[in-house]
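Q: Got a structure for you, written out below as structure tokens; questions coming shortly.
The values are calculated or read from the model by the stated rules, or taken from the named source; none is laboratory data. Being a predicted model, the structure only gives us computed values, none of them experimental. Here the Cβ is made from the backbone with ideal geometry for all residues, glycine too, and neighbour counts use every protein chain on show. Heavy atoms of the whole protein, side chains included, go into the accessibility calculation; ligands, DNA and RNA do not. Shrake-Rupley method; radii C 1.70, N 1.55, O 1.52, S 1.80 Å.
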Amino acid sequence: MTENEHAAARLLTVREKIAAAAALAQREVEDITLIAVSKTHDADTILPLLNAGQRVFGENRVQETAAKWPALREELPDVQLHLVGSLQSNKAGDAVSLFDCIHSLDRPSLVKSLAGAMDKAGRRIPCFIQVDIGDEEQKGGCAIADLPALIEQARVADIPLAGLMCVPPAGIEPTPFFALLDKLAADHGLDGLSMGMSGDFETAVKLGATHVRVGTALFGARE
Ligand SMILES: *Cc1c(COP(=O)(O)O)cnc(C)c1O
């Protein structure tokens, strides 16, 4: 198989699994966005997936994205980039100009810097609020108890809220965490749910994910 055929086959497999999980949950497959998480992979690895028709990609670092993507997306105006990694306030300006969506809004200081950066750029991009769904010390995300206040702050700052995002604790059954994120979103009138990675995206789709973030299953293992 050529690199292009290989990428197309992996993409088809992931898409079929999403479609099967959606059908089981009686959901429309169009309501689920597959984000191909291309962090650490270079242009040679990403191009075959672009050739296979994938247009929505995720990255976790502002600098890496700035180095990699402007050239790749030059002739593909329909490429969409999602930031799926933690964001430092001093990089908010770069993030707003590079990305089409941010999945890691998790604290009041970032609401402030992102709102300022969006004002400055004259461009408002949708943000998911990342929730520390497993109450894990070192993990990014807003504590569940702080979520109502953070949502309110984002709304006051006129940041378009896409929904909630989570990365459940590693190594245990993710279902209760996905179900909890779904409930929290519903409680706050938010529609989007960014949840599910290579190991658990089918479960996430069954539990209502609108955005799944898949890296390894599309690109192979990272270094
Ligand atoms: C790396 C990453 C992913 C993709 O993980 P895989 O297990 O490779 O699919 C998804 N979400 C976030 C936040 C990530 O950092």
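Q: Suppose we keep only residues that are of a type in the set (A, V, I, L, M, F, W, C) and more than 16 Å from the ligand (Cβ to nearest atom) within region 44-64. Which one would you say is surrounded by the fewest Cβ atoms within 10 Å (Cβ to Cβ)?
A: Only one residue tops the list, namely LEU47.
Q: Please find, among ILE133, ILE35, ILE46, ILE125, the residue that is at pLDDT 95 or above and touching a His at 6+ places or on another chain (Cβ under 8 Å).
A: ILE35 is the lone residue from the list that is at pLDDT 95 or above and touching a His at 6+ places or on another chain (Cβ under 8 Å).
Q: Next question, about the same structure. Taking the residues in region 79-125 that are within 17 Å of the chain's Cα centre (by Cα) and acidic (Asp, Glu) as candidates, determine which candidate is nearest to MET195 (Cα to Cα).
A: ASP106
Q: Taking the condition of being of a type in the set (A, V, I, L, M) and in a strand (DSSP E or B), how many residues in region 82-100 meet it?
A: 1
Q: Identify the residue in region 24-43 that is over 20 Å from CYS101 (Cα atoms) and open to solvent by 70 Å² or more (accessible area, probe 1.4 Å) and, among all such residues, is farthest from the ligand (Cβ to nearest atom).
A: That would be GLN26.
Q: For region 212-223: of the residues being touching a Lys or Arg at 6+ places or on another chain (Cβ under 8 Å) and open to solvent by 50 Å² or more (accessible area, probe 1.4 Å), which is farthest from the ligand (Cβ to nearest atom)?
A: That would be ARG222.
Q: Applying the selection to region 117-145, what residues are assigned to a helix (DSSP H, G or I), open to solvent by 40 Å² or more (accessible area, probe 1.4 Å) and touching a residue at least 12 places away in the same chain (Cβ under 8 Å)?
A: Of everything in region 117-145, those that are assigned to a helix (DSSP H, G or I), open to solvent by 40 Å² or more (accessible area, probe 1.4 Å) and touching a residue at least 12 places away in the same chain (Cβ under 8 Å) turn out to be LYS120, ALA121, ILE144.
Q: Follow-up. Report every pair of residues separated by at least 6 positions or lying on different chains whose Cβ atoms are under 7 Å apart, first residue within region 14-42 and under 20 Å from MET165 (Cα atoms), second of a type outside the set (Lys, Arg) and open to solvent by 50 Å² or more (accessible area, probe 1.4 Å).
A: ILE18/VAL29; ALA21/GLU202; ALA22/GLU28; ALA22/VAL29
Q: Right, next: Identify all residues within region 155-211 that are surrounded by fewer than 16 Cβ atoms within 10 Å (Cβ to Cβ), free of Cβ contacts under 8 Å to residues at least 24 places away in the same chain and within 14 Å of the ligand (Cβ to nearest atom); write none if there are none.
A: ALA170, GLY171, GLY199
Q: Related question: Could you list, ordered by first residue, the pairs with Cβ atoms under 9 Å in which the first is in region 87-105 and closer than 16 Å to LEU161 by Cα and the second is modelled with pLDDT under 95 and within 16 Å of the ligand (Cβ to nearest atom), at least 6 apart or interchain?
A: Here the result reads HIS103/GLY85; SER104/GLY85; SER104/GLY140, each pair linking region 87-105 to a residue that is modelled with pLDDT under 95 and within 16 Å of the ligand (Cβ to nearest atom).
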